[in-house]
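*Asks:* One structure coming up, written as structure tokens, with questions to follow.
We did not get these values from a lab; they are worked out from the coordinates using the rules stated. All figures in this text were calculated on a predicted structure; none of them were measured in a lab. Because the Cβ atoms are built from the backbone with ideal geometry, glycine has one as well, and the counts that use them run over all protein chains shown.
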Amino acid sequence: MLNIDYLLNDIDAVDYRKTHNKNKHKIYLSGDMLCSDHIFMLLEHIKFIEINNIKNVNINVIINTRAFSDEAVLIILEIITYYVLKNNIGDLTYTFIVSNKYLGYEMFKNNMLYSYNTKRINSTAFISNFERKCIISSNHYRRIAINNEENRNGPYLSILIGDISMFLKYYNVDKNYINDLSEAIVEIVDNALNHSTSDCLLDIKVLDYRPNSYMCLNVTVISIGEILINTEINKYIESTDKSKYSEKNQIILSALQNHKKHFSNTYDIESFATISAFQKYVTTRYKSKNSGGTGLTTLIKQLHEKASSDYCYVLSGNNIIKFVDGYLDLTETGLIGFNKSNDYLNSIPSSDIVYKTEKKFNGVIYNLCFILDEKENNNE
Amino acid sequence: MNKIELKFDKSLSGLAGNSYGVSEYNSQLKDKFDWNGMNVIIFPNHIEKIGISFIQGFFSAILEKINKNNIEKYIKIESSSEELTTKIIENIKF
């Protein structure tokens, strides 16, 4: 289960109709970029439809933006579309008035909504396509990783790492880069399956303009649900009996004493717990591995070093960590500060690296986008 | 020298997942490991890449008893490539 209904859990019901026709709802999402604010607008309107028990709604969403902020936004739009159609909330039509000059538009061509632009979405076909466990086309790899014991504990992730490598090999990218990227992706999926109760959606898109120009690799991993990256850390901080946890977790409490002096509406205990999940020796459950992705920042750093540019982040709840060069190193003691001095213990993270979103996303999104330059990545 | 040849499904080219690592330790390594001498752990040639989480899961029980800085006194790794062998050792010590 993707547990999509969790997306609406903390959402207010808001009527965004421009014209007050009961069954025909025209919603305008406009601005410079199609971004998370627009996604929340759509979710709020769906909540409005659900709460008011409005039936047989014809929803027409007009997206009038210059570009898309990132691939994750478009994938969430697919997920919302699936939710609306699967639950018979209404019919959906999207009208995308978006410039085709930008890279994101090329990615959009592989989105399930692209072929339905200005057309009413065929519910049966869309649902069937969305529910496919695996889609592999020439430049798109999409998989729904089912969260069950067999997949968590068996060879599923080993099969997946081979599968992703095989897909990427088609593009003739440096073998080590493929191995590092496949490993990073599978580490994220491993964490998603082992630290949530939801299935996980993995989407990889590739745009290859070489040899004359660049290659773009975009990876999005989404798991929806109440368990966030910081959930287990919060439990540890709040627990009265800390004896069942590793003594190495004490570092969290020591850091908290320093960080809490700086807590504000832009950096709070939730932000602190999120960055704490990335500390190497922090174990959030008795004898369990780290929940945030020990080693993941190191892997992303390796990928970053070979890319000419990148845009990588994780969003969990309303906490964002951007993975930016200069902020990805673990210290000798396995700590990561996400600040200029790389000091987790004494200093709060940089406000442009770790920050809060206005609205809460119930789940975790990893979005990793790398631009590879042919000159910098000679093939083996 | 205690040689332990690991076996995985021949269709696999990679190994990943912390829990799978723990389970493979229990089924392939636990009862064969010599805690007093050198163990040569041989990964089959068809395994070309191994995720850090698998390595951490596979060796976690060993690292509870042996300090990671002394690991080379007890473990020698053989794998499909020198690069992979180096990476396995680095990730055990990570």
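*Asks:* Search the structure for amide H atoms under 5 Å from the amide H of A:VAL61, placed 1.01 Å from N in the peptide plane, and list their residues when 5 or more places away or on another chain.
*Replies:* The list, which skips near neighbours in sequence, is A:ILE27, A:THR93, A:TYR94, A:THR95.
*Asks:* Ok, one more. Averaged across A:263-272, how many Cβ atoms of other chains sit within 10 Å of each residue's Cβ atom?
*Replies:* 0
*Asks:* What translational D, rounded to a whole number of µm²/s, comes out for the range A:4-130 from Stokes-Einstein when the hydrodynamic radius is the Kirkwood one over Cα pairs, at 37 °C and 0.692 mPa s?
*Replies:* Calculated translational D: 224 µm²/s.
*Asks:* Another question about this same structure. What net charge do the residues around A:ASN100 carry, taking every other residue with its C-beta under 13 Å from that of A:ASN100, with Lys and Arg at +1 and Asp and Glu at -1?
*Replies:* +2
*Asks:* Related question: What share of the DSSP beta bridges in the protein assembly as shown is antiparallel, in percent to the nearest 5?
*Replies:* Once the DSSP bridges in the protein assembly as shown are tallied, antiparallel ones form about 60 percent.
*Asks:* Can you give the net charge of the other residues whose Cβ lies under 11 Å from the Cβ of A:ILE224, counting K and R as +1 and D and E as -1?
*Replies:* Taking every other residue near A:ILE224 into account, the sum is -3.
*Asks:* Once you've got the Cα coordinates, tell me which of A:LYS205/A:LYS301; A:LYS280/A:LYS301; A:LYS235/A:LYS260; A:LYS340/B:LYS87; A:LYS235/B:LYS93; A:LYS248/A:LYS356 are over 23 Å apart.
*Replies:* The pairs that break the limit, which is 23 Å between Cα atoms, are A:LYS340/B:LYS87; A:LYS235/B:LYS93; A:LYS248/A:LYS356.
*Asks:* So how do A:215-221, B:48-54 stack up, highest first, on mean other-Cβ count within 10 Å?
*Replies:* Result, highest mean Cβ count within 10 Å first: B:48-54, A:215-221.
*Asks:* Now a separate question. Based on Cα coordinates alone, diagonalise the gyration tensor for the range A:133-380, multiply each eigenvalue by 5, take square roots, and list the semi-axes in whole Å, largest first.
*Replies:* Taking √(5λ) for each eigenvalue gives 31, 21, 16 Å, largest first.
*Asks:* ³J(HN,Hα) across the range A:34-48 via Karplus (A = 6.51, B = -1.76, C = 1.60, θ = phi - 60°), whole Hz, x for Gly/Pro?
*Replies:* Residue by residue, the range A:34-48 yields 6, 9, 4, 4, 5, 4, 5, 4, 5, 4, 5, 5, 4, 4, 4 Hz.
*Asks:* Okay, next question. Quick one: 3J(HN,Hα) in Hz for the range A:14-30, Karplus 6.51/-1.76/1.60 with θ = phi - 60°, rounded, Gly and Pro as x.
*Replies:* Karplus-based 3J(HN,Hα) across the range A:14-30 equals 9, 8, 9, 4, 8, 10, 8, 8, 4, 10, 10, 10, 9, 10, 9, 10, 10 Hz.
*Asks:* Of all DSSP beta bridges located in the range A:4-130, what percent are antiparallel, nearest 5?
*Replies:* Approximately 5 percent, going by the DSSP bridge assignments.
*Asks:* Next question, about the same structure. For the range A:133-380, what is the relative contact order in percent, using Cα pairs closer than 8 Å and at least 6 residues apart in sequence?
*Replies:* Relative CO of the range A:133-380 lands at 23 percent.
*Asks:* While we're on this one: Give me, ordered by chain and number, the residues 5 or more places off A:LEU372 or on other chains with an amide H under 5 Å from its own placed amide H.
*Replies:* Under 5 Å from the amide H of A:LEU372 lie the amide H atoms of A:MET215, A:CYS216, A:LEU217, A:SER308, each far enough along the sequence or on another chain.
*Asks:* Report, as an integer, the average count of C-beta atoms from other chains found within 10 Å of each Cβ along A:295-301.
*Replies:* 2
*Asks:* On average, how many beta carbons from a partner chain sit within 10 Å of the beta carbon of a residue in A:160-168?
*Replies:* Going residue by residue through A:160-168 and averaging, the value is 4.
*Asks:* What is the order of A:ARG132, A:ARG142, fewest Cβ neighbours within 10 Å to most?
*Replies:* Least crowded to most crowded, the residues run A:ARG132, A:ARG142.
*Asks:* Same structure, new question: Just need the relative contact order of the range B:2-93 here, percent rounded to a whole number, with Cα pairs under 8 Å and 6+ apart.
*Replies:* It comes to 37 percent, rounded to a whole number.
*Asks:* Could you list B:ASP34, A:ASP10 so that the one with the fewest beta carbons within 10 Å of its beta carbon is first and the one with the most is last?
*Replies:* Lowest to highest Cβ neighbour count: B:ASP34, A:ASP10.
*Asks:* Now for a separate question. What FRET efficiency comes out for A:GLN257 versus A:THR124 if R0 is 41 angstrom and r is the Cβ-Cβ distance? Round to the nearest 0.05.
*Replies:* 0.10
*Asks:* Then there is this: In Å, what Kirkwood hydrodynamic radius results for the protein assembly as shown from the alpha-carbon pair distances?
*Replies:* 23.7 Å
*Asks:* Let me ask another. For B:VAL40, A:VAL189, what's the fewest-to-most ordering of other Cβ within 10 Å of each Cβ?
*Replies:* Lowest to highest Cβ neighbour count: B:VAL40, A:VAL189.
*Asks:* When DSSP assigns beta bridges and you keep just the ones with both residues in the range B:2-93, what percent turn out antiparallel, to the nearest 5?
*Replies:* 0 percent
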